[in-house]
Each structure stands twice: as C-alpha cells, then as structure tokens.
1. For the stretch 278-371, take the alpha-carbon Rg, divide it by the Kirkwood Rh, and send me Rg/Rh.
2. How large is the Kirkwood hydrodynamic radius of the stretch 419-470, in angstrom, based on all distinct alpha carbon pairs?
3. For the chain, what is the relative contact order in percent, using Cα pairs closer than 8 Å and at least 6 residues apart in sequence?
4. Averaging the inverse of every distinct alpha carbon separation and then flipping it gives the Kirkwood radius. What is it for the stretch 105-199, in angstrom units?
5. For the chain, max minus min Cα coordinate along each principal axis, in Å, sorted largest first?
6. For residue 118, list long-range residues whose amide hydrogen, built 1.01 Å from N in the peptide plane, is under 5 Å from its own amide hydrogen.
7. Just to compare against my own numbers: the Cα pair-distance distribution for the stretch 183-222, 10 Å bins, whole % per bin, please.
8. In whole percent, how big is the carbon plus sulfur part of the accessible area of the chain, probe 1.4 Å, protein atoms only?
Amino acid sequence: MEKRYGLPTAIGMVIGIVIGSGVFIKGGKVLNLTNGNLVQGIAVVGIVGLICIICSLVFAELGSRYEKVNGVVDYAEVALGPKYAYGVGWFMLTMYTPGLVAMLAFFSAMMFLQLFGISAVDFSTGSVNFVAIGVGAGFMMIDYGINILSPRIAGKLQVSMTVIKLIPLILMGVVGTIAGLVNGTTLQVLNYVNTAEYVPVDGAGFFKAIVGFAFAYEGWILATSINQELKDAKKNLPIALVGGAAVTIIIYALYIWAMSSVGDVKTITSTWPFGETLPRIAFSNLFGNVIGTIVYVFITISCLGTMNGLVMANCRGLYALSARKMGPAPKFFGDVDPQNGFSIKSAVFGMMTCGFWYAWTVMMWMGGPGLFGSVHNIEWLAWEPDEIGIICLYVMYIPMMIGLMAKAKDLNPIRRFVLPGLGLICCLFFAYAIWAGYGAKQCIGYLIVFAIFEAAGMLANKYLNRAEIG
C-alpha cells in the first residue's frame, strides 16, 4: 500500500488510540480498587505508564530496524520465524483488536447516552439497555464504513479527534489540580487514608487496578500496523511510539490527581464499575452542570477516536498476513483495491470479527439485556475481553524482546540487553498481575478460547491457503 501517512498521523494514532475511554472509565475503577487511596491510584498510573514507556522504547528500537508490512507481526517473524508471526497476527486480528473495538464501541455509546440521561448498564440487576447495544453497534459499523471507503479521511479523523479529546483532559488536569489545592479538597482526599472509614487495599485489589488501568494505556502497539503506509517509518515510528507514550503518562497522572477536586471519596468510588458518571460529577463541580454535560460530547468523541485508531489497525490485520502469503485465501484478502489503494476485503473480515466480539461482550461479560445474566457469573467465560487480551499480547512480546537481545549484535549493551531485559520483566509482571488479580478460572478460561482461535487459524493457514494456491 502507498506511503500515505506522515509523523502527525503516527503520533495522532498512538495518542489517539491510547487516550480514549480508558482514563474516563477505568479511572473510577482504579480509585475504587485502591479503596479511595489517591496516592496508590497515582502509583497505578505511574507503574502502568512506566511499563508502557519501557516497552515503547523496545519496539521503537525494533521499528528503527525492521520495516515490512505490519510492525508487531514483522518483529514476531524476526524473533521466531513465520509460524510465530502468523500466530501473533491471527491473535491480534481475531481476538485482541476486535475485543478492544467491541468494548470501545459500547463505551462510546455509554458516554453518548449519558448526554440524554440514559443509563447503558445496570449491574445491580444485570441488565444492559438495548438502546446502548444498538448505538454501539451503529458507531462501530459507521467507523468501518469510513475506513473502507476512504482510509485517508480515517487518518485525518484520527488526528483531529486526538486534538479534540485532549481538551477535557488538559482542562480537568490543570484546573482541577489548581482548584483541589486551593479549596482543600485534594488534602481532604489524601487524608482519607487516615480516617476510620478507610480499609487498606489488599494485593489482589492493587493488581486488579494495574490490570484494569492497562486498558487505559493500551493500543500504542497498533500504531505499528500502518508501518508500510508511513513515510520514513524507521525514523517516524520510534518518535511516535515514545513521544506518544510520554505525553499520555503526564496527561493521565494530572487527570487522576484532579479527580480529588470532587472532595468526597465515597462519591468517587461509588462510580464503580465503569466510572462513566465521574467525569460529569468532577466537571460539574468545577464548571457547572452545563459544562459538565457538554464535556460528554468531547468524551464521546474521545472514545470514538480511540475506536477509530483500533479499527484502522483491524482493517489491515488480514492484509498483513496475506502479504506474507499466510492465512485463509491470501490472494483474495491481500488484494488492494486500485481505486482507493486499500484492502477492502481485509477490512470487511475485520468488521466481522468485531461483530462477534461485540456480541460476546454484551452477552457474556456484561450479562446481556436479561438474557444471559447467569452466564456473567461463570468465571471461565465471563472475563473482560479487553483487559485479559491485553496481558496475553504482552506475554507474546517476550520472544520478540529475547530475539532483539540475541540478534542485534551491532547495538551497545544498554540497547541490546538492558532495555529489552527491562521490557521482559514488565511483561512477566503483567502476567503475574492478572493471575493474582483475577484468578486461575478467568485466565485459564481465556487461554482455552485463545487455543481454539489459534487452532482455527492454523487450520485455515494449512487448508484454505493451500486450496487457493492450488
């Protein structure tokens, strides 16, 4: 495909994918899981952010060395060969990316409906609003339509929505921090840990908070999906990865800290499980109800911007495998439409996988609209597709980091051993965090589904691939 994107789009894709619904939704979850301990909440932001920076530096090094079709799949191929690259690419195509798109589509609908006072989910009764399901599905289909019909417009939307989404975060981060210090609410929240009401958080809660907030940082790796379409990729991709990650950490820390301007810890933690009402409470306290409501317009755009970045990556997933003559019908799905220079068939396949995970998310994890409520209680099936999928991908990074240490003999010791070694530790820490935080049933349940999808991918690569070639 043609070199259509410059550095601004790459940076916009990193920040645009990473900064979205995660901080608005998972921020309340983190503060709840840390039992209202603001310092521990900031620590969670810092720990996950540090992991993101370290891994970004490793992949920036990989990005400066290898440029082929799809960054992370390229790196997997260099590490362990084409079979492992196919396994990683198939996982990202069929589980990881569509799982995130599905969650973002529903989160976008949830924030949008808040403008009209409509609740999307009632976890107390296990019911999900049919309207929210329909709006989320509509957002998802419209975004795929834009990406399929005009990938250039999709890229421009990514940059513009990135700028728009930074407005409420920076506004709240700066004004909320100043207001909290001036009126004493920050001190009040910080002092909550010294009151009789405070219950110290246990290890499981802290690890759950880390895993949960990983969603708020995730997606940066998907910027590597436009590797082939990025101008001067070996130079621009590393800048985008590291620069985008650094900006995200600063903005996130400021935003979470600014939540202390609410003053009442119980109000902050009561926004569990999604925390979608917390931004309105915080902004309304500072700027009034009208501004508090208008902010939801920006937050909805923020969510949609994140989803668009993920959709951009998902549209190219099967094409990246087909370009290597891997996967089902590589000639068919690797075909680039001459009119818009884009693989439409790959994008349609990606949309179908997202449809599956959207149905799984609202029915299995959320419990569905009174249809699958009991399934939500079965831990083997009711895992969050976004959080556990993110950690699974980090585990798959490990061979890539080892491969860099083994093969990059021209690098100095810090870039060859120290940096990827730290990245390896970060990936193992994430794996331990999700096991300790969510338990064996959810982890093993996800791995069973993972094995089924990977087996299906291997069979497709073996039989459907050969059938087309024959």
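The values are calculated or read from the model by the stated rules, or taken from the named source; none is laboratory data. Keep in mind the model is a prediction, meaning the values are calculated, not measured. Note that each Cβ is placed from the backbone with ideal geometry, even for glycine, and that neighbours are counted across all protein chains shown. Surface accessibility is based on the protein's heavy atoms, side chains included, excluding ligands, DNA and RNA. Shrake-Rupley method; radii C 1.70, N 1.55, O 1.52, S 1.80 Å.
1. On the way: Rg = 19.5 Å, Rh = 16.3 Å.
We get a ratio of 1.20 for the stretch 278-371.
2. Numbers: mean 1/r = 0.0735 Å⁻¹.
It works out to 13.6 Å.
3. On the way: 836 pairs, mean separation 148.7, N = 470.
Value for the chain: 32 percent.
4. On the way: mean 1/r = 0.0586 Å⁻¹.
Every distinct Cα pair counted, the radius reaches 17.1 Å.
5. 70, 53, 42
6. none
7. 23, 30, 33, 13, 2
8. Values: 12060 of 17120 Å².
Heavy-atom surface of the chain belonging to carbon and sulfur, 1.4 Å probe: 70 percent.
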